[in-house]
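A short reminder: the numbers here are calculations on the coordinates, not readings from a lab. Because the structure is a prediction, the values reported are computed rather than measured. Don't worry about glycine lacking a Cβ; one is built from the backbone with ideal geometry, like all the others, and counts go over all protein chains shown.
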């Protein structure tokens, strides 16, 4: 006897995963500083690399980082992508730009949004500056920076 039913190729099952995250000492200090409108990184005592956000140790040398360094909220785009597909539950509507931004004075790029520039004009090497949310909205989150925009004079 032949089975004429269609094969099952997938199913939708709602799954919710709740996580508890402990920031650790380095990231906790970073989040406290970002709540004050400052961006703090940590410098490696071995190779002098500066990390934002700090991780508590150097990824190159593997040694603890403790020296805190304030960095500017300006930088350069190292890489970017233009997102055209909506992300479920995300209030940001495509197309939008996600970029790896090397903040001035740091040695490792951080990921953030870029706005206030037409997608066809964004490019690697573009100078950008942070656009901070209104101070009354600040919390312990890197989202205090709403996005980056082209730096004045860039």
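The residue list 23, 32 contains one member that is within 21 Å of residue 139 (Cα to Cα), free of Cβ contacts under 8 Å to residues at least 12 places away in the same chain and surrounded by 13 or more Cβ atoms within 10 Å (Cβ to Cβ), which is 23.
Take segment 103-150 and flag every residue that is assigned to a loop (DSSP other than H, G, I, E, B), closer than 21 Å to residue 41 by Cα and more than 12 Å from the chain's Cα centre (by Cα). Quick ask: steps written out before the conclusion?
First, the residues of segment 103-150 that are assigned to a loop (DSSP other than H, G, I, E, B): 104-109, 115-118, 122-126, 133-134, 138-141.
Going one step further and asking which of them are closer than 21 Å to residue 41 by Cα, we end up with 104-109, 133, 138-141.
Result: 104, 105, 106, 107, 133, 138, 139, 140.
All of (1) touching a helix residue (DSSP H, G or I) at 6+ places or on another chain (Cβ under 7 Å); (2) in a loop (DSSP other than H, G, I, E, B); (3) more than 18 Å from residue 148 (Cβ to Cβ) hold for residue 53 with one exception: (3). Taking the criterion of being under 29 Å from residue 152 (Cβ atoms) and either part of a loop (DSSP other than H, G, I, E, B) or without any contact (Cβ under 8 Å) to a residue 40 or more places away in the chain (or both), the residues of segment 56-89 that qualify are 68, 69, 70, 71, 72, 73, 81, 83, 84.
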